[in-house]
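Enquirer: One structure is given below, represented as structure tokens, and several questions about it will come after.
The values are calculated or read from the model by the stated rules, or taken from the named source; none is laboratory data. Please read these numbers as outputs of a predicted model, since none were measured by experiment. Here Cβ is always computed from backbone atoms with ideal geometry, including for glycine, and neighbour counts include all displayed protein chains.
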Amino acid sequence: MAQPKGITHKEIIRDARAGNLAPIYYLMGDEPYYIDKVSDFLVETALKPEDRDFNLDVVYGADVSMNQVIELAHAYPMMADRRVVLVREAQAIRSLDGLEQYALHFTPTTVLILCHKYGKLDARKAVYKNIQQVGVIYESKRLYDSQLPTFITEYASRKKVEIELQAVQMLADHVGADLSRLAAELDKLILALPQSGGRITADRVEELTGVSKDFNNFELMGALAQRDVLRAMRIVKYFQSSPKGFSLQASLSGIFTFFSDVMLAFYAPKKDENGIADWLGKPGWKVRQDILPACRNYSGVKVMHILGEIRRIDGASKGVGGCRTAPGELLQELIFFILH
């Protein structure tokens, strides 16, 4: 069976849960979190715990050749319906020779899972096409910063825990796009709740991570949206006084994304909250709280100039033009430009 193009990790899990297991899974990409989660789920789904001693082989790419992997895959299950061969760090295997032919003549009682992190299989090669015809090729891509809040809220929801919007943004800013670390921080917050369920608050995040609930990028965006000079500069001063907890690149990314959304909002067919939310693909609260006020407080021309200034500051932060200005001072320069 040929897989659908661009299959997601959710679709793989849904199919496996329904009993539709493919003979080969090639899990690849720059985001290791989903590669690990999908491979672990496939193993748990394919084999009962009592069957794993004799029917689960876990090997590492640096320790085996593809011929050895294929030999394991051709073996038959012992007192079970199937066996699983899990290859971790498959990118370390010197050559994939043999996998192309195995895809043509696979063992139907084996589920072969190859985990290729921080890279991907060349789609032009025959091995890619052969695997795709009978199995699943999944690319795990790194999330954009704008996607992190959705990851956080969905993760908390699966754990049956509510999380405040401010707490979501604090975590996203504090951890960034390292999903494994982000999940670990969420697990710590969930375990610290007084009882099962409950609510993760901004105060709790501040207490356990040290991130200020009053001085962070989430609050900075709110101050910029309202064009609140005093509040914005207080946040900048806080960042300057806490250089270890401040990332100029994280702030620049957030500010650029925000004003890009504001620029797009000017072109929305419907200028009300729901119309802009649909146009941007953003939640209504975000449009109501930040986007609409910014549309009132900034002109389209000003926003264009702001986006250009963000690019200039980003270049300066990377030494373009021989700039050696401290990150905190560059942020202060940008915020002054935005607000005046």
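Listed here are the residues, each with its yes/no results for (1) surrounded by fewer than 16 Cβ atoms within 10 Å (Cβ to Cβ); (2) β-branched (Val, Ile, Thr).
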{"site": "172", "(1), (2)": "no, no"}
{"site": "176", "(1), (2)": "no, no"}
{"site": "189", "(1), (2)": "no, no"}
{"site": "203", "(1), (2)": "yes, no"}
{"site": "226", "(1), (2)": "no, no"}
{"site": "235", "(1), (2)": "no, yes"}
{"site": "242", "(1), (2)": "yes, no"}
{"site": "246", "(1), (2)": "no, no"}
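Enquirer: Can you confirm whether residue 152 is touching a Lys or Arg at 6+ places or on another chain (Cβ under 6 Å), assigned to a helix (DSSP H, G or I), within 25 Å of residue 44 (Cβ to Cβ) and outside the structural domain of residue 33 (by TED's automatic domain parsing)?
Expert: No, not satisfied.
Enquirer: Which pairs have Cβ atoms under 6 Å, sit 6 or more apart or on different chains, and link a residue in the stretch 276-305 that is assigned by TED's automatic domain parsing to the domain that holds residue 337 to one that is modelled with pLDDT of 90 or more and assigned to a loop (DSSP other than H, G, I, E, B)?
Expert: Sorted first by the residue in the stretch 276-305, then by its partner, the pairs are 276/268; 279/268; 293/226; 297/227; 300/266.
Enquirer: Here is a further query. Looking for whichever is surrounded by fewer than 20 Cβ atoms within 10 Å (Cβ to Cβ), within 15 Å of residue 114 (Cα to Cα) and in the same structural domain as residue 136 (by TED's automatic domain parsing) here; the options are 42, 21. Which one fits?
Expert: Only one candidate qualifies: 21.
Enquirer: Within the stretch 161-184, count every residue that is in a helix (DSSP H, G or I) and either under 22 Å from residue 253 (Cα atoms) or modelled with pLDDT under 85 (or both).
Expert: Within the stretch 161-184, the first condition is being in a helix (DSSP H, G or I), and the residues that meet it are 165-175, 179-184.
Restricting the remaining residues to those that are either under 22 Å from residue 253 (Cα atoms) or modelled with pLDDT under 85 (or both) gives 165-175, 179-183.
Of the residues in that region, 16 qualify.
Enquirer: So residue 72 clears everything in (1) more than 22 Å from residue 128 (Cβ to Cβ); (2) in a helix (DSSP H, G or I) except one condition, right? Which one?
Expert: Of the numbered conditions (1) more than 22 Å from residue 128 (Cβ to Cβ); (2) in a helix (DSSP H, G or I), the odd one out for residue 72 is (1).
Enquirer: Can you name the number of the only condition in (1) among the aliphatic types (A, V, I, L, M); (2) closer than 23 Å to residue 178 by Cβ; (3) crowded, with 16+ Cβ neighbours inside 10 Å that residue 92 fails?
Expert: Here residue 92 clears every test but (3).
Enquirer: If you don't mind, another one. State which residue is modelled with the lowest pLDDT when the search covers only the stretch 264-288 and only residues that are in a helix (DSSP H, G or I) and buried (at least 17 other Cβ atoms within 10 Å of the Cβ).
Expert: In this case the residue turns out to be 286.
Enquirer: Considering 193, 165, 208, which residue is free of Cβ contacts under 8 Å to residues at least 24 places away in the same chain, surrounded by fewer than 20 Cβ atoms within 10 Å (Cβ to Cβ), of a type in the set (A, V, I, L, M, F, W, C) and not assigned by TED's automatic domain parsing to the domain that holds residue 241?
Expert: On the way: 193 fails: free of Cβ contacts under 8 Å to residues at least 24 places away in the same chain; 165 fails: free of Cβ contacts under 8 Å to residues at least 24 places away in the same chain.
After ruling out the rest, the residue left standing is 208.
Enquirer: Related question: Tell me yes or no: at least one residue of the stretch 27-39 is free of Cβ contacts under 8 Å to residues at least 12 places away in the same chain, in a helix (DSSP H, G or I) and surrounded by fewer than 19 Cβ atoms within 10 Å (Cβ to Cβ).
Expert: no
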